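So the structure is just underneath, and the comments pick up after that.
Values in this text are rule-based calculations from the coordinates and carry no lab data. Just so you know, these numbers come straight off a predicted model, no measurement behind them. As a convention, Cβ positions derive from the backbone with ideal geometry for all residues, glycine included, and neighbour counts pool all protein chains shown.
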Amino acid sequence: MVAIDPIYRDFKLEINSRAELVALVPALRAFARSFYRNPDEADDLVQETLKKALGSLNQFTPGTSMKSWLFTIMRNTFNTAIKRRLREVTGSQQDIAEVGPSRPASQEWTIRGHELETALHQLDPDFRQAIMLVCVMGVGYDEAAEICDCPIGTVKSRLNRAKAHLLEMLGEKSRDDMLEAPQQSLPQ
């Protein structure tokens, strides 16, 4: 039996981890956009997350979800940045107003899409995070709970409350009404 050199094994693990990290950059960018309206700030959050992840790659446990690990780093980095901003703001609300999910409006967006986007901005950050993770990013409840550092039941509760708030903000009684509304609101 051939013994594998521990240095080689560690090097191979680091190379594989770095490759997995690079493959997750698009998911990180999408998740960062759920935190910031400004694309530059979202990119800065991705960069800071990658910097922290690379600096502590030796703390990542192989065989676990790197995506969850990176999303947790991003969430913590965002929370720290917001706390720092709130301490620094001395009356100007402009910086705080830029925090939240968004994409630049394009001609393809429907009026309903704009309404939904606006409603998402107004959600409590915990509710918005649950919606983004589970409904937009397709993360499972267990992984979302790990990322949010809360029980699975809390994620489910936040998700249900977020959906209820969105329906209320959009003036809908149910999801079925919301799906039919764009057809009814088109000019004849």
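Please give the length that would be gained between Thr118 and Asn76 if that part of the chain were fully extended, namely 0.36 nm times their separation in residues minus their C-alpha to C-alpha distance (nm, one decimal).
So the chain would gain 12.7 nm between Thr118 and Asn76.
If each residue of separation counts as 0.36 nm, what is the full-extension length gain between Val25 and Lys52 once their alpha-carbon separation is subtracted?
8.3 nm
Please order Asp44, Asp124 by the number of other Cβ within 10 Å, starting at the fewest.
Taking fewest neighbouring Cβ atoms as first place, the list is Asp124, Asp44.
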